[in-house]
Amino acid sequence: MARAVVHYPAGILEAAIEFGAPTGDRCHDTPVVLVHGYGHNRSGWFVVEQALRRAGFHRITSLNYNPLRHDVPTVAQRLAEHVNMVRTLSGSERVHVIGHSMGGLVLRWYVQELGGDRFVDVAATVATPHQGTVSALLVAPLGHAGKQLLPGSEVICRLHETARAGAVRWVAYYSNIDLCVQPSPSARLDHVALGATNVLIKDHGHLSILLSRKLATSVVEELERPVLPLAATA
């Protein structure tokens with residue numbers, strides 16, 4: 001929590017998007033979009049972003065949003081616009097997207113409801129309440145976004161109903177002691193149609209999981225893994 005607080009001011013403002021010329025390495029030329037969780041901002045990704053840059057990913061952007069003003073579908077629409085801009089500036093047909101907590105639900109809404117499956121290669125969620133979380137009762141009175149994180153909300157139910165197989169490769173990171181995502185299996189993405197890979201980041205909390213070297217290393221490995229064409233995954 002202390003490290004998150006220290007870095008928070010650095011992520012309040014949106015970062016400029018600056019892409020250099022492509023290197024010819026399709027893997028590392030593919031843009032990576034980071035979507036933070038409820039109440040946070042882009043500063044939460046500093047460990048993951050450093051690991052990605054060290055590995056050679058040089059087109060990394062982030063999306064900031066205010067959950068008190070915008071709900072999941074609204075932020076997902078902003079994500080769609082952001083991805084379109086990133087694709088235009090980079091010349092890349094597809095991107096990778098990583099979402100923490102509520103950001104993972106935003107990612108799923110974009111892919112499942114807004115046609116994002118046409119543009120996303122790897123979709124990774126980190127500590128995302130895929131089945132909802134009872135801890136959202138604490139923020140539900142503050143706006144629609146908080147209510148949408150509750151088990152049985154319209155957003156949670158809709159995402160369950162519209163989950164389908166496709167070209168997107170899903171990875172879900174979860175912890176065994178994440179007190180903000182309860183019940184604890186909720187951060188796993190077990191919907192059969194999505195065929196997600198679930199990865200345990202052991203003994204980390206809802207924020208400290210973002211500081212995990214294991215998480216950062218695994219994210220790099222997943223993004224460097226070859227993405228099979230749809231015909232090969234059917």
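The values are calculated or read from the model by the stated rules, or taken from the named source; none is laboratory data. Model, not experiment: these values are computed from the prediction. We place every Cβ from the backbone using ideal geometry, glycine too, and count neighbours over all the protein chains shown.
Side notes on the structure shown:
- Any hit, segment 185-193, residues being hydroxyl-bearing (Ser, Thr, Tyr), crowded, with 17+ Cβ neighbours inside 10 Å and out of contact with any helix residue (DSSP H, G or I) (no Cβ under 7 Å at 6 or more places or on another chain): yes
- Pair list, Cβ under 7 Å, 6 or more apart: segment 22-49 residue over 18 Å from TYR173 (Cβ atoms), other residue among the aromatic types (Phe, Trp, Tyr) and assigned to a loop (DSSP other than H, G, I, E, B): HIS28/PHE57
- Scanning segment 165-175 for residues that are modelled with pLDDT of 95 or more and assigned to a loop (DSSP other than H, G, I, E, B) gives VAL168, SER175.
- All positions within segment 155-206 that are over 17 Å from the mean Cα position of the chain (by Cα), closer than 22 Å to SER135 by Cα and of a type in the set (A, V, I, L, M): ILE177, LEU179
- Tabulated pairs, segment 160-181, first surrounded by 13 or more Cβ atoms within 10 Å (Cβ to Cβ), second assigned to a strand (DSSP E or B) and among the small types (Gly, Ala, Ser), C-beta under 8 angstrom, 6+ apart or interchain: VAL168/ALA123; ARG169/ALA123; TRP170/ALA123; TRP170/ALA124; VAL171/ALA123; VAL171/ALA124; ALA172/ALA124; TYR173/ALA124
- Candidates VAL6, VAL33: the one that is among the hydrophobic types (A, V, I, L, M, F, W, C), in a strand (DSSP E or B) and either in contact with a Ser or Thr (Cβ under 9 Å, 6 or more places away or on another chain) or at pLDDT below 95 (or both) is VAL33.
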